[in-house]
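**Q** Pasting in a structure now, in structure tokens, and then I'll have a few things to ask.
The values are calculated or read from the model by the stated rules, or taken from the named source; none is laboratory data. Model, not experiment: these values are computed from the prediction. Cβ: placed from backbone, ideal geometry, glycine included. Neighbour counts: every protein chain shown. When the accessible area is computed, the model is the full protein with side chains, heavy atoms only, and any ligands, DNA or RNA have been set aside. Shrake-Rupley method; radii C 1.70, N 1.55, O 1.52, S 1.80 Å.
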Amino acid sequence: MIATELAHRGVPIRFVQAPADWRRLRSDPGNWWQHLPAGRFAEVAPGITVSERSTVLPGLRGPVAERVDAALLGRFLRRSSWQEALTVFMLPWEWRAARSIGGRAVFDCTDDWARLLPQARGLREQLRRIADEADEVIVVNQVLADLFPGRAPVVVPNGTDAALLDAPRSVERRARHAVYVGSVAERFDVDLVRAVLTLLPEWTLTVHGQLVFPLRAGAAAERFLALEQETGGRFRYAGPVSRAELPAMLDFAAVALVPDVASRALGQSSMKTYDYCARGVPVVASAGHLEHSSDAPPHSYVVDGAAEMAAAMEAAADEPAGWALDRVRWAAERTWDRRTDAWLDAALGDRLPDVTGVHPS
């Protein structure tokens, strides 16, 4: 969303995707070899071009894999005529490649990678190197600042877009209907959702978003998809949804959920919570999310376990009408144009002090 906002301002953006490793050779060898030496950038939106990339082993596998992948990435960028004034890294195991390029190098941290990927190796040393070498470190939640010893990162939380705030209401809310909008992976707490729907036999839940389970998590994906049959259809996975369709999806719901595994949620700044609030929908989130956030929305519900989530959903469905307006006003102060100003000030070196919420206008 920040890239889209920058493109609207006339700033050209080049994205390099997370790499496909040697396993791509089994299904698409030509594509893997094609994207190993250099980028093949294609425009995906006005002002934004994207290239795939190939590697041998994922850099998170350990020190040797990290060095090999970083060397391949450095060569990839040089052969792609990478001469950008600003390069932003988001994966800790790719940071070593920053040494081989010119310009300003910034690390943008949106996750506690050790919680999200407990199988990753060498993260502590990678984060320490970033703390020592990065021109700036930007985090989405103050909790993540502690990952970078000796640094005081700039905190720029997520946001929402003005189009979501301005869209007219086209559907009526459905009583006892919950919604989840966002990517779905191992962090989505299948057991919690199953237990909540068992406790609330009159409620339904629709999930909109892309499945992003890694190959090793096939069993977790199957457990997620099995929820529809296990709940007699009261749970439904509806697939990805476009931003244009999002207002109606949210307006239809009485409650919006963030049902993540609590141990993997700490340090998040979920874009979905800002989108939920933009339409005034009550936010019910599992523990680990909003209670530690430096930018928590008003009248949100933070719960620990199925019983508390079920109780919060019932309470949210019968809350004061004015609370929805409070959420909308809160979201309106956190649109992507404001967030981009704060992010850009940090990334380009015109650092603002204590950027934790709304960028001063």
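**Q** Can you list residues whose amide H is under 5 Å from T160's amide H, if they're 5+ apart or on another chain and H is modeled 1.01 Å from N?
**A** Answer set, sorted by chain and number: T335, W336.
**Q** Using only DSSP helix segments of four residues or longer, with each worth -39500 (n - 2.57), what per-residue ellipticity at 222 nm results for the chain after dividing by its residue count and rounding to 500?
**A** -9500 deg cm²/dmol
**Q** If you don't mind, another one. With a probe of 1.4 Å, find how much accessible area region 162-333 has per residue, and write the answer as a whole number in Å².
**A** About 43 Å² of surface per residue is accessible.
**Q** Show E222, E314 ordered by accessible area, largest first, where the area counts protein heavy atoms only and the probe is 1.4 Å.
**A** Largest to smallest exposure gives the sequence E222, E314.
**Q** Could I ask something else about it? With only Lys, Arg, Asp and Glu charged, each at its Cβ (+1 for the first two, -1 for the last two), find how big the charge dipole of the chain is about the Cα centre; round to the nearest 20 debye.
**A** 1320
**Q** Then there is this: On average, how much accessible surface per residue is there in region 1-155, in Å², for a 1.4 Å probe, leaving out ligands, DNA and RNA?
**A** 49
**Q** ³J(HN,Hα) across region 183-194 via Karplus (A = 6.51, B = -1.76, C = 1.60, θ = phi - 60°), whole Hz, x for Gly/Pro?
**A** Per residue, the Karplus-derived 3J(HN,Hα) values read 5, 10, 9, 4, 5, 5, 8, 4, 4, 5, 5, 4 Hz.
**Q** Now for a different question. Check which residues have an amide H placed less than 5 Å from A20's amide H, if you skip close sequence neighbours.
**A** R53, S54, T55
**Q** Considering only protein heavy atoms and a probe of 1.4 Å, how much of the accessible area of region 162-333 is carbon and sulfur, as a whole percent?
**A** Here carbon and sulfur together make up 55 percent of the probe-accessible area.
**Q** Looking at the calculated P(r) for region 47-118, what percent of the C-alpha pair distances fall above 20 Å?
**A** 32
**Q** How big is the charge dipole of region 12-52 about its Cα centre, in debye rounded to the nearest 20, if each Lys and Arg gets +1 on its Cβ and each Asp and Glu gets -1 on its Cβ?
**A** Its charge dipole is roughly 100 debye.
**Q** If you take the alpha carbon radius of gyration of region 1-155 and divide it by 2.2 N^0.38 Å, what ratio comes out, to two decimals?
**A** Ratio of Cα Rg to 2.2 N^0.38 Å: 1.05.
**Q** Towards the positive end of the charge dipole of the chain, with charges on Cβ (+1 Lys, Arg; -1 Asp, Glu), say which of V143, T110, A217 has the farthest Cα.
**A** Of the candidates, A217 comes out farthest on the positive side.
**Q** For F235, which sequence-distant residues (separation of 5 or more, or a different chain) have an amide H within less than 5 Å of its own amide H, given hydrogens modelled in the peptide plane?
**A** L205
**Q** Just by accessible area at a 1.4 angstrom probe, what is the order of S54, S293 from largest to smallest?
**A** S293, S54
**Q** Could you tell me what percent of the DSSP beta bridges with both partners in the chain are antiparallel, to the nearest 5?
**A** So the antiparallel bridges in the chain amount to around 10 percent.
**Q** In region 281-332, with Lys and Arg counted as +1 and Asp and Glu as -1 at Cβ, which of these residues, V281, H299, V328, has the Cα nearest the positive end of the dipole, that is, farthest along it?
**A** Projecting each Cα onto the dipole axis, the largest value belongs to V328.
**Q** Have a look at D275, D345, D161 and tell me which one the Gaussian network model of the chain (Cα, springs below 10 Å) gives the largest fluctuation.
**A** D345
**Q** Could you size up the charge dipole of region 162-333 around its Cα centre, putting +1 on the beta carbon of Lys and Arg and -1 on that of Asp and Glu, and report it in debye to the nearest 20?
**A** Here region 162-333 has a charge dipole of around 400 debye.
**Q** Classify region 162-333: rounded, prolate or oblate, from the alpha-carbon gyration tensor (a ≥ b ≥ c, eigenvalue square roots; a/c under 1.5 rounded; otherwise prolate if a/b is larger than b/c)?
**A** rounded
**Q** I would also like to ask the following. From the backbone phi of region 335-346, what are the Karplus-calculated ³J(HN,Hα) couplings (6.51 cos²θ - 1.76 cosθ + 1.60, θ = phi - 60°) in whole Hz, Gly and Pro given as x?
**A** Whole-Hz 3J(HN,Hα) from phi for region 335-346: 7, 5, 5, 5, 4, 5, 4, 5, 4, 5, 4, 6.
**Q** Please list, by residue number, everything in region 196-222 whose backbone N is under 12 Å from a paramagnetic label point 7 Å out along Cα→Cβ of Q229.
**A** Flagged as within label range: 222.
**Q** Give me the Kirkwood hydrodynamic radius of region 113-227, using the inverse of the mean 1/r over all pairs of distinct Cα atoms, in Å to one decimal.
**A** The Cα-based Kirkwood calculation yields 18.0 Å.
**Q** What percent antiparallel are the DSSP beta bridges of region 1-155, to the nearest 5?
**A** Percent antiparallel among DSSP bridges in region 1-155 is about 15.
**Q** Run the Debye formula on the Cα coordinates of the chain, all scatterers equal and no solvent, and tell me log10 I(q)/I(0) at q = 0.09, 0.10, 0.14 1/Å.
**A** The Cα Debye sum returns log10 ratios of -0.54, -0.67, -1.29.
**Q** Kindly work out what percent of the DSSP beta bridges joining two residues of region 162-333 are antiparallel, to the nearest 5.
**A** So the antiparallel bridges in region 162-333 amount to around 5 percent.
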